[in-house]
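Student: For reference, the structure I am asking about is given below.
The values are calculated or read from the model by the stated rules, or taken from the named source; none is laboratory data. Keep in mind that this is a model prediction, so the values were computed, not measured. Don't worry about glycine lacking a Cβ; one is built from the backbone with ideal geometry, like all the others, and counts go over all protein chains shown.
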């Protein structure tokens with residue numbers, strides 16, 4: 001059984017579709033980061049394990065979810081809980097890790113509509129990705145939220161960021177560790193109706209994420 005960590009903050013409208021789209025052999029672990037819209041109850045009603053994460057921050061939710069995964073399978077996937085990605089794509093990320101051809105597989109977002117990825121968020125991501133390539137030499141063009149790796153490898157990196165800098169810190173640490181990092185295209189859909197992105201939904205959210213990631217690059 002491959003565990004899928006879903007960091008979650010007020011994503012109740014997206015969860016039913018998302019959780020019913022998980023491929024056979026994949027189990028959802030919803031890391032609830034203080035939702036007030038009943039996300040945890042919706043997740044449980046659709047068969048997900050729910051981990052309550054009192055510490056605020058994307059990285060805090062992902063890390064708590066990772067600790068809750070079952071080490072038996074070894075491979076762990078991470079995916080946003082907002083309905084912008086189709087869980088049916090997860091085997092494309094997990095299979096290279098399981099086959100031993102990559103230590104980390106990350107999804108490169110390919111928007112399905114103009115509204116799926118606002119211009120301010122896309123620009124911020126492009127700037128940070130360029131800096132990442134110059135810093136690490138990794139051929140990565142998106143610091144996105146979809147990834148697969150082995151649980152033990154992720155924990156061994158000792159990642160410290162508990163906010164929006166987590167995805168960038170992971171890539172930097174993977175580059176320094178000599179990991180084989182593979183990037184694959186993955187469809188990026190508009191978020192589920194009734195949900196709002198904490199990053200791409202507003203210029204302020206994107207600026208906060210860029211600030212957190214820039215702090216990681218400066219370390």
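Student: Is the range 60-70 home to any residue that is at pLDDT 95 or above, surrounded by 23 or more Cβ atoms within 10 Å (Cβ to Cβ) and not in a helix (DSSP H, G or I)?
Tutor: Within the range 60-70, one or more residues are at pLDDT 95 or above, surrounded by 23 or more Cβ atoms within 10 Å (Cβ to Cβ) and not in a helix (DSSP H, G or I).
Student: Regarding the range 132-141, can at least one residue be identified that is closer than 30 Å to residue 54 by Cβ and at pLDDT 95 or above?
Tutor: no
Student: Would you mention how many residues in the range 9-52 are closer than 22 Å to residue 164 by Cβ and loosely packed, with under 14 Cβ neighbours inside 10 Å?
Tutor: Residues flagged as closer than 22 Å to residue 164 by Cβ and loosely packed, with under 14 Cβ neighbours inside 10 Å within the range 9-52 amount to 2.
Student: Mind counting the residues in the range 133-151 that are more than 12 Å from the chain's Cα centre (by Cα) and either free of Cβ contacts under 8 Å to residues at least 60 places away in the same chain or within 13 Å of residue 177 (Cβ to Cβ) (or both)?
Tutor: So the answer is 9.
Student: Check off (1) farther than 25 Å from residue 96 by Cα; (2) in contact with a strand residue (DSSP E or B) (Cβ under 6 Å, 6 or more places away or on another chain); (3) at pLDDT 95 or above for residue 179 and give me the number that stays unchecked.
Tutor: So the condition that residue 179 fails would be (1).
Student: Here's another thing I want to ask about it. Within the range 96-130, can you find the residues that are in a helix (DSSP H, G or I) and loosely packed, with under 15 Cβ neighbours inside 10 Å?
Tutor: 99, 114, 115, 119, 123, 126, 127, 130
Student: If you don't mind, there's one more thing I want to ask. If residue 35 satisfies all but one of (1) within 27 Å of residue 183 (Cβ to Cβ); (2) at pLDDT 95 or above; (3) in contact with a strand residue (DSSP E or B) (Cβ under 7 Å, 6 or more places away or on another chain); (4) not in a strand (DSSP E or B), what's the number of the condition it fails?
Tutor: All conditions pass for residue 35, except number (1).
Student: Regarding residue 97, is this residue closer than 20 Å to residue 159 by Cβ and touching a helix residue (DSSP H, G or I) at 6+ places or on another chain (Cβ under 8 Å)?
Tutor: No, not satisfied.
Student: List the number of the failed condition for residue 125; all other conditions in (1) modelled with pLDDT under 95; (2) in contact with a helix residue (DSSP H, G or I) (Cβ under 8 Å, 6 or more places away or on another chain) hold.
Tutor: (2)
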